[in-house]
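The values are calculated or read from the model by the stated rules, or taken from the named source; none is laboratory data. What you see is a predicted model, and the numbers here were worked out from it, not measured in a lab. We place every Cβ from the backbone using ideal geometry, glycine too, and count neighbours over all the protein chains shown.
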Amino acid sequence: MLTMMTTTTMEENQTQSYGGSPITHIAQDHLFTILLLLPVDAILSLSMTCRRLRALACSDAVWESVCRRDWGSRCVDALKSSNSNRSRCPWMRIYKQVSALDSVYCHGLPDSLAQLDFPTPRASHSLNFLSDCLVLFGGGCEGGRHVDDTWVAYIGTDFRRKLKWHKVNSGIPSGRFGHTCVEMGDFLVLFGGINDNGNRQNDTWIGQVTYKDNNVVTFSWKLLDVGSIAPTPRGAHAACSIDHRRMVIHGGIGLHGLRLGDTWVLELSDTTDSPCSSGTWHEIVTNPCPPARSGHTLTCIGRSRTVVFGGRGTGYEVLDDVWVLDLNAQTWVEIVYDTAECASLSRVGHSATMVLGGRLLIHGGEDSYRHRKDDFWVLDVSAMHYINNNINNNSNNNSSSSNSNSMDIQESTSRVRSNFKRLWKMWRSNGSKCRSFHRACADHSGRYVYVFGGMVDGILQPSESTGLRFDGELFLVELLLHL
């Protein structure tokens, strides 16, 4: 897409031949607006038509705006903040580098040398990036026991800083693993989980980072009032947030070990309370919808769309299917691709994190034989937007059809076939431990992904049937850019 960035300037006589084009007489601010409505290839094509358009289409102001359009303002602001003390790379070059990304670098993060207290090894916990801090809660540990601790570590804009964890001794929420916790604006919202007695939960909590006078960072939780309607108790489900006001959950393991396939949405009340004190749950019932599963991921990919990937099905099979939910339209669409091209994609207990460039980074997990993975795969969200736009266009074109044809329309748009190589790409890495049921989160730039814990392969002891152990390492996955 960005190969034209390296194209040399056109000959002077060719440049002058476009001088009389009507587009060159449009006001500069109007041209700026028009450029931001175009795809990148079209912007690059226009830059070769005349000297005036080249100056504008290659300007730093236009490409910063293109980055904001395609990646979001929060991401761009975070990139600017992290490079404030260094000579900044032009935005056009940054866009080119991000588009060509194909590798990550994994390295451990140093703890404070004086710190003796830090999170113990665990899996199926939660890890979030909120208010420039890492927030870790709960999980399961050796012996199948749950933990109920909350830990906070300030990151800021310097990913190289030595971390100092602070433990919050609140006693709430109660200990659990397999819960979900998502960022919603300045708050975290936690739902469900399983305790070490096997009891499933369906309570909803909201939490917030606070700073004390001595610059010590801490965290506070409170139970959210959701009324009498709530999802059934569960754990090992998946969740994400949309527009900082809605939380979507899907699937999980319910009572008696039953795997679930339902979808619920929590809408926070619009009040001046800090944090919000109430919310309302409602179920989305659609046909078709993803089969029941647990240990999968649900990730917001922009606007009102979320994507489900992988997990373990009702027959204990490990899945590799991709489903997209348009929350506004309340429709699920399966993205079908040729799984024969990569049998290693099937996984459960992986992480799925939106990173710089609007890509979904899949890491780790385990297969049906419980072989853990250390690979990194990228799901191309832009290709999925293209697919869904075609679906919406087809639905609009058929909106005048009779009700008798509505089932045919639904069947034709509920499954969309996509080319595997367009949808998936494996990224290179310098290696990390094979792990599953870890947790990952990205900073606001999407360039740095923090990974903590999980189940890893250990040294097999004579009294053990497997070498499985819990991990307590925090490491950083860095998208390799030269800024």
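How many residues does region 322-354 contain that are of a type in the set (A, V, I, L, M, F, W, C) and not in a strand (DSSP E or B)? Show your work before the answer.
Within region 322-354, the subset of a type in the set (A, V, I, L, M, F, W, C) is 322-325, 327, 329, 332-333, 335-336, 340, 342-343, 345, 348, 352, 354.
If we keep only those that are not in a strand (DSSP E or B) too, we end up with 327, 329, 340, 342-343, 345.
Selection size over region 322-354: 6.
Given the structure, is residue 203 in the same structural domain as residue 439 (by TED's automatic domain parsing), part of a strand (DSSP E or B) and out of contact with any Lys or Arg (no Cβ under 7 Å at 6 or more places or on another chain)?
Details: in the same structural domain as residue 439 (by TED's automatic domain parsing): yes; part of a strand (DSSP E or B): yes; out of contact with any Lys or Arg (no Cβ under 7 Å at 6 or more places or on another chain): yes.
Answer is yes for this residue.
How many of the residues in region 191-233 are surrounded by fewer than 17 Cβ atoms within 10 Å (Cβ to Cβ), charged (D, E, K, R) and closer than 19 Å to residue 253 by Cα?
Looking only at that region, the number is 1.
Please indicate, with yes or no, whether at least one residue in region 472-482 is in a strand (DSSP E or B), more than 21 Å from the chain's Cα centre (by Cα), farther than 17 Å from residue 98 by Cα and at pLDDT below 95.
Step one: of region 472-482, the residues in a strand (DSSP E or B) are 474-479.
Then keep just the ones that are more than 21 Å from the chain's Cα centre (by Cα); that gives none.
Scanning region 472-482, I find no residue that is in a strand (DSSP E or B), more than 21 Å from the chain's Cα centre (by Cα), farther than 17 Å from residue 98 by Cα and at pLDDT below 95, so the answer is no.
Condition first: out of contact with any Cys (no Cβ under 6 Å at 6 or more places or on another chain), under 18 Å from residue 130 (Cβ atoms) and surrounded by fewer than 23 Cβ atoms within 10 Å (Cβ to Cβ). Now tell me which residues in region 234-272 satisfy that.
The answer is 241, 243, 244, 245, 246.
If you go through region 177-219, how many residues are touching a residue at least 12 places away in the same chain (Cβ under 8 Å) and on the phi > 0 side of the Ramachandran plot? Before you say what the answer is, go through the steps one by one.
So the first thing to find is which residues in region 177-219 are touching a residue at least 12 places away in the same chain (Cβ under 8 Å), and the list is 177-196, 199-209, 216-219.
Subset that is on the phi > 0 side of the Ramachandran plot: 178, 185, 192-193.
Number satisfying all stated conditions: 4.
Sort out which residues of region 283-314 are part of a loop (DSSP other than H, G, I, E, B), under 20 Å from the mean Cα position of the chain (by Cα) and not small (Gly, Ala, Ser), and write them in order of number. It would help to see each step written out before you state the result.
In the first step, residues of region 283-314 are kept if they are part of a loop (DSSP other than H, G, I, E, B); the result is 285-292, 295-296, 303-304, 310-311, 314.
Now narrow it down to the ones that are under 20 Å from the mean Cα position of the chain (by Cα): 290, 295-296, 303-304, 310-311.
Across region 283-314, the qualifying residues are 290, 296, 303.
Got a sec? Which helices (runs of 4 or more DSSP H) wholly within region 1-71 have at least 3 residues that are surrounded by 12 or more Cβ atoms within 10 Å (Cβ to Cβ) and at pLDDT 75 or above?
Numbers: elements: 12-17, 28-35, 40-46, 51-57, 60-71.
Result: 28-35, 40-46, 51-57, 60-71.
Collect the residues in region 161-186 that are at pLDDT 95 or above and in a strand (DSSP E or B), keeping them in residue-number order.
177, 180, 181, 182, 183
Could you please find all residues in region 204-225 being farther than 18 Å from residue 267 by Cα and hydroxyl-bearing (Ser, Thr, Tyr)?
The answer is 210, 211, 218, 220.
Any residue in region 310-321 that is crowded, with 19+ Cβ neighbours inside 10 Å and aromatic (Phe, Trp, Tyr)?
Checked against the condition, which is being crowded, with 19+ Cβ neighbours inside 10 Å and aromatic (Phe, Trp, Tyr), region 310-321 yields no hits at all.
When residues of region 449-465 are filtered for being assigned to a loop (DSSP other than H, G, I, E, B) and either modelled with pLDDT of 55 or more or among the aliphatic types (A, V, I, L, M) (or both), how many remain? Before the answer, list the steps.
Keep residues of region 449-465 that are assigned to a loop (DSSP other than H, G, I, E, B), which gives 453-454, 458-465.
Pick out the ones that are also either modelled with pLDDT of 55 or more or among the aliphatic types (A, V, I, L, M) (or both) and you get 453-454, 458-460.
Final tally of qualifying residues: 5.
Considering only region 349-380, state which residues are touching a His at 6+ places or on another chain (Cβ under 7 Å) and either of a type in the set (A, V, I, L, M, F, W, C) or modelled with pLDDT under 95 (or both). Steps first, please.
So in region 349-380, the residues touching a His at 6+ places or on another chain (Cβ under 7 Å) come out as 350-351, 362-365, 376.
The answer is 362, 376.
Is there any pair linking a residue in region 338-355 that is over 20 Å from residue 381 (Cβ atoms) to one that is surrounded by 12 or more Cβ atoms within 10 Å (Cβ to Cβ) and among the hydrophobic types (A, V, I, L, M, F, W, C), with Cβ under 8 Å and at least six apart or on different chains, and which?
These pairs meet every condition: 346/318; 346/319; 348/318; 348/319; 349/437; 349/455.
From 166, 179, which residue is in the same structural domain as residue 453 (by TED's automatic domain parsing) and buried (at least 20 other Cβ atoms within 10 Å of the Cβ)?
Working: 166 fails: buried (at least 20 other Cβ atoms within 10 Å of the Cβ).
The conditions single out 179.
Tell me, please, whether a residue that is assigned by TED's automatic domain parsing to the domain that holds residue 306, under 20 Å from residue 329 (Cα atoms) and in contact (Cβ under 8 Å) with a residue 60 or more places away in the chain can be found in region 222-240.
Residues of region 222-240 that are assigned by TED's automatic domain parsing to the domain that holds residue 306, as a first pass: 222-240.
Now drop any that are not under 20 Å from residue 329 (Cα atoms), which leaves 239-240.
Subset that is in contact (Cβ under 8 Å) with a residue 60 or more places away in the chain: 240.
Yes, region 222-240 contains a residue that is assigned by TED's automatic domain parsing to the domain that holds residue 306, under 20 Å from residue 329 (Cα atoms) and in contact (Cβ under 8 Å) with a residue 60 or more places away in the chain.
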